[in-house]
Amino acid sequence: MCDDSRKGTPANCKPAATLDVEKEGNQVEWEFEGPKDATTDAQVTYLNFGGQAPTIGTSGPLANGRGVERDLPGFTAHLIPGGTYDPDGPAKDADATCALGFGFAVTQ
């Protein structure tokens, strides 16, 4: 169980949510996967070395079960700075959230 320190409202953090990074060809996809109605504030920041000059960007907002894709040729470092997710969506209890862990990935 996770606990929101502001209200003491427990959140059911099982099963845990995941953030996946996949690459096929030059297409990189980031996908948040959580319980059915889960929402998240997490975004992935990337540094790409594949074009004429290095580029820095973000995945933008992530939605449960729907990937976000970018054309990123070459070597890319992905920083997943964490964030939170609401396992049952904000409509039921916006204060009961669970933490997403920090992560790092590299694609080539």
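To the nearest 20 Debye, how big is the dipole of the chain about its Cα centre, given +1 on the beta carbon of each Lys and Arg and -1 on that of each Asp and Glu?
Once rounded to the nearest 20, the dipole reads 160 debye.
Mind giving me the nanometre distance, one decimal, between the label points for E22 and L79, set 7 Å out from Cα along Cα→Cβ?
2.6
For the chain, what is the calculated [θ] at 222 nm in deg cm²/dmol (nearest 500), taking -39500 (n - 2.57) for each run of four or more DSSP H residues and dividing by its residue count?
For the chain, the value works out to -500 deg cm²/dmol.
For semi-axes √(5λ) of the Cα gyration tensor in Å, the choices are (1) 35, 11, 10; (2) 18, 16, 14; (3) 30, 12, 10; which was calculated from the structure?
Computed from these coordinates, semi-axes √(5λ) of the Cα gyration tensor in Å corresponds to label (3).
Gain in length, L47 to N12, computed as 0.36 nm per residue apart minus the alpha-carbon separation, to one decimal in nm?
9.2 nm
Give the residue from G34, G60, N48 lying farthest towards the positive end of the charge dipole for the chain; charges sit on Cβ (+1 for Lys and Arg, -1 for Asp and Glu) and the dipole is referred to the Cα centre.
Checked the options; the winner is N48.
At a 1.4 Å probe radius, carbon and sulfur cover how many percent of the accessible area of the chain?
Reported share for carbon and sulfur atoms: 52 percent.
So in the chain, what percent of DSSP beta bridges are antiparallel if you round to the nearest 5?
95
The values are calculated or read from the model by the stated rules, or taken from the named source; none is laboratory data. Remember, it's a predicted structure, so these values are computed and weren't measured experimentally. Counting neighbours? That spans all protein chains shown, and the Cβs are built from the backbone with ideal geometry, glycine included. The accessibility values were calculated without ligands, DNA or RNA, using every heavy atom of the protein model including side chains. Shrake-Rupley method; radii C 1.70, N 1.55, O 1.52, S 1.80 Å.
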